[in-house]
Amino acid sequence: MKPAARIAAAIEILQGMSQSGKPADRFLNEWARANRYAGAKDRNDIYNRVYRVLRRRAEYGWQAGSVEPRALVQADLRAHDSLSLSDIAQLFGGGKYEPACLSDAETEALSREIEQDAPDWVQGNYPEWLAPLMAASLSDPVAEGQALSARAPLDLRVNLLRARRERVQAALAEEGIEAAFTPWSPDGLRIVARERITGSKAFKQGWVEVQDEGSQIAARFAAVRPGQQVVDLCAGGGGKTLAMAAQMENSGQIHAFDAAAGRLKAMMPRLRRAGVHNVQIASDPKPALEALKGRAHRVVLDVPCSGTGAWRRNPDAKWRLTADALENHRQAQDSLLRQGAELVCPAGRLIYITCSILACENGQRIEQFLSDDSRFQILPPAQLWEETIGQPVPVFAKARSDHLTLTPRSSGTDGFFICVMERVN
């Protein structure tokens, strides 16, 4: 494909994605299947531009005076590719497989100087309506937003049921895949370059799972032990379930539940590949949950949330988030906290996790829960870090005595909120 055709494809994809409401990765997969003429290099170039526009949409929209795909792509060509107006005009030539020629308004917009004094939501590249919530949740929302607009690394969790980190690192190196130890998680490897891990021997043999280091830390903070009864109430695809099973050495039981039954079915191949045998998936959750009341040593609530902490991986999600969806998440979070609390045994623990950076989904939910239920008290994150990570406590783990907050800016991980509460009566 010629450069102009790639530009036209990026605009087409952004338009289609906006109209469909589908997640970016799903939409791009469908586009690739329908447009097989686009080679690997073409797709790589097009996808990089699409994701860059999604990451920097507020900034580009502010510069261009429009959030229409054509305007956003033109802003990207100007800001990222450093193209002049004449260079951009050549790409927008109006020929076959080329974008239509620049309008007078587009030419005028591209001729303007880029304004440096922009609002926080523009500099941080997040929706304007979220600005008050970001300001109330973060000490520096601009810097955090910019960190969340960067590209995420590829992290792996070593499956301790099958291998050790040093062995996996060496095995990956034999296949030409360079991996470094993650700075915080004792089970993690970070891939140095972009590689297709799923074709590697280590992945096929169940030695590793793709899992962000922050998610690995959240699973560690559950502090599960062999022989325990553990409930993963929002198990999803099973990332934390698999990590906890390894920590439990396949002893005891993990009872995995999720409101979306399809997600649990998707977990089964992962369990088999990892050699996990202590996970129970109930076909009928109601009697299973009733039987577990007051019996679980650990109840893990990785609750549905805004996903603001995962914007590095899903930049399109920040533009699809709505105030109504956020309110629905808050209601679900309160409900799950109440439901999970009833399953915890005396001296057991309730672990509340979100991949959100918003206080309204995090600390405020815990405050509301504890005001209604006096049976639980919070365990300090610095204490938990020493207990579960086994390394010197970093500054970000000492920042609060009631919860751990991870962000790309502070910890180099996705954004996570983790609060561990112990039942004391």
Just for strands (runs of 3 or more DSSP E) wholly inside the range 163-247: which have at least 1 residues that are under 18 Å from A296 (Cα atoms)? 229-232
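For the range 196-218, what are the residues that are more than 10 Å from R157 (Cα to Cα) and either surrounded by fewer than 24 Cβ atoms within 10 Å (Cβ to Cβ) or without any contact (Cβ under 8 Å) to a residue 60 or more places away in the chain (or both)? I'd like the intermediate steps shown before the answer.
Of the residues in the range 196-218, the ones more than 10 Å from R157 (Cα to Cα) are 196-206, 214, 217-218.
If the condition is that a residue be more than 10 Å from R157 (Cα to Cα) and either surrounded by fewer than 24 Cβ atoms within 10 Å (Cβ to Cβ) or without any contact (Cβ under 8 Å) to a residue 60 or more places away in the chain (or both), then R196, I197, T198, G199, S200, K201, A202, F203, K204, Q205, G206 are the ones that fit.
Restricting to the range 62-89, name every residue that is free of Cβ contacts under 8 Å to residues at least 60 places away in the same chain, under 18 Å from S149 (Cβ atoms) and assigned to a helix (DSSP H, G or I).
Of the range 62-89, the ones free of Cβ contacts under 8 Å to residues at least 60 places away in the same chain are 63-72, 74-76, 78-89.
Subset that is under 18 Å from S149 (Cβ atoms): 63-64, 67, 72, 75-76, 78-81.
Those that are free of Cβ contacts under 8 Å to residues at least 60 places away in the same chain, under 18 Å from S149 (Cβ atoms) and assigned to a helix (DSSP H, G or I): Q63, A64, L72, A75, D76, R78, A79.
Mind counting the residues in the range 307-343 that are in contact (Cβ under 8 Å) with a residue 24 or more places away in the chain and outside any helix (DSSP H, G or I)? Outline the logic, then answer.
Here is the first cut: in the range 307-343, the ones in contact (Cβ under 8 Å) with a residue 24 or more places away in the chain are 307-321, 323, 326, 329-330, 332-334, 336-343.
Those still in the list that are outside any helix (DSSP H, G or I) too: 307, 311-316, 321, 342-343.
The qualifying residues number 10.
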Would you check which residues across the range 119-144 are closer than 17 Å to C360 by Cβ, buried (at least 19 other Cβ atoms within 10 Å of the Cβ) and of a type in the set (G, A, S) and list them? S137
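Provide a single number: the residues in the range 346-399 that are in a strand (DSSP E or B) and either exposed (fewer than 14 other Cβ atoms within 10 Å of the Cβ) or among the β-branched types (V, I, T) (or both).
The qualifying residues number 7.
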Among the residues of the range 90-112, which ones are within 20 Å of D45 (Cα to Cα), in a helix (DSSP H, G or I) and within 37 Å of the chain's Cα centre (by Cα)? L91
Select from the range 219-237 the residues that are touching a residue at least 40 places away in the same chain (Cβ under 8 Å) and closer than 22 Å to S283 by Cβ and list them in ascending order. Q229, V230, V231, D232, L233, C234, A235, G236
For the range 402-420, indicate whether the set of residues that are under 21 Å from the mean Cα position of the chain (by Cα) and among the charged types (D, E, K, R) is non-empty. yes
Residues of the range 251-267 being surrounded by fewer than 21 Cβ atoms within 10 Å (Cβ to Cβ) and farther than 20 Å from R295 by Cβ, in sequence order, are A259, A260, A261, G262, R263, K265, A266
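No lab work stands behind these numbers, since they all come straight from the coordinates. This one's a predicted model, so the numbers in the text were calculated from it and none came from an experiment. Every residue, glycine among them, receives a Cβ derived from its backbone with ideal geometry; neighbour counts consider all protein chains shown.
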